[in-house]
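Asker: One structure follows; several queries about it will come next.
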Amino acid sequence: MPSTRDDLVRDLRERITTGRIAPGSHLTESALAEEYAVSRSPVRAALRELADEGLVSVEPNRGAFVTEWTTSDAAEVMEIRALLEAHGAALAAARRGDGHLRTLRGLCDRMDQLDEDRPAEYRVAIAELNHTFHLTFLEAAASPRLFNITKDLALAPMMSGSFHYYSDDEMARSLSEHRQIVDAIASGDAPRA
């Protein structure tokens, strides 16, 4: 059970981005305070932070609701991410360290193994590793502003949960593309990355 405001934010963020709390769900301070066995103050602060991230919308006199995303919202976020992450991958090709490469390859290995073994909730686990993968190459880009701008886009619920809707072929293609990105970064090939 989360014990601090940061833990509460992290837990709620994870539940929202994986779809365990559905878009449009009403989040009441009193119910969350009871569920997490905390006062309403940390819940209120957590909801404000999640609203700042775009995961929750706060409506006057109605309360907080998990943000609902339209198809055009998803398309816009994907276009912006594609631009920013392509730039980040190119920078990573020039600036990455050996530790970044080890981490990226390890994440690819773990995602491949999950896809092969397919344990319960394997797609949730792949989505979490995918998020870490993207944050890792953005970190390797050594551009703090780019990292801070882009990391929040990857948290959008329709981004984090997208693996749930992939066909087997789409999953295989995605995992293969992750390897290609790592190979390009490893070889210092910024345009290919």
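Asker: Could you tell me which of the residues Glu79, Glu68, Glu85 is of a type outside the set (Val, Ile, Thr) and either surrounded by fewer than 13 Cβ atoms within 10 Å (Cβ to Cβ) or free of Cβ contacts under 8 Å to residues at least 40 places away in the same chain (or both)?
Answerer: Of the residues listed, the single one that is of a type outside the set (Val, Ile, Thr) and either surrounded by fewer than 13 Cβ atoms within 10 Å (Cβ to Cβ) or free of Cβ contacts under 8 Å to residues at least 40 places away in the same chain (or both) is Glu79.
Asker: Still on this structure, I have one more. Would you mind stating whether Leu135 is free of Cβ contacts under 8 Å to residues at least 24 places away in the same chain and either under 18 Å from Leu83 (Cβ atoms) or among the hydroxyl-bearing types (Ser, Thr, Tyr) (or both)?
Answerer: yes
Asker: Same structure, new question: Check Ala141, Ala120 and return the single one that is crowded, with 19+ Cβ neighbours inside 10 Å and either within 18 Å of Glu177 (Cβ to Cβ) or aliphatic (A, V, I, L, M) (or both).
Answerer: Exactly one residue qualifies, and that residue is Ala141.
For every residue, the table says whether it meets (1) at pLDDT 90 or above; (2) open to solvent by less than 70 Å² (accessible area, probe 1.4 Å).
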site	(1), (2)
Thr103	yes, yes
Arg110	yes, no
Arg145	yes, no
Pro157	no, yes
Ser176	yes, yes
Ala184	yes, yes
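Asker: If I filter segment 27-47 for residues that are modelled with pLDDT of 90 or more, surrounded by 13 or more Cβ atoms within 10 Å (Cβ to Cβ), among the β-branched types (Val, Ile, Thr) and closer than 26 Å to Ala140 by Cβ, do I get at least one hit?
Answerer: So far as segment 27-47 goes, no, none of its residues is modelled with pLDDT of 90 or more, surrounded by 13 or more Cβ atoms within 10 Å (Cβ to Cβ), among the β-branched types (Val, Ile, Thr) and closer than 26 Å to Ala140 by Cβ.
The values are calculated or read from the model by the stated rules, or taken from the named source; none is laboratory data. Quick caveat: nothing in here was measured; it's all calculated off a predicted structure. Note that each Cβ is placed from the backbone with ideal geometry, even for glycine, and that neighbours are counted across all protein chains shown. For accessibility, only protein heavy atoms count, side chains too; no ligands or nucleic acids. Shrake-Rupley method; radii C 1.70, N 1.55, O 1.52, S 1.80 Å.
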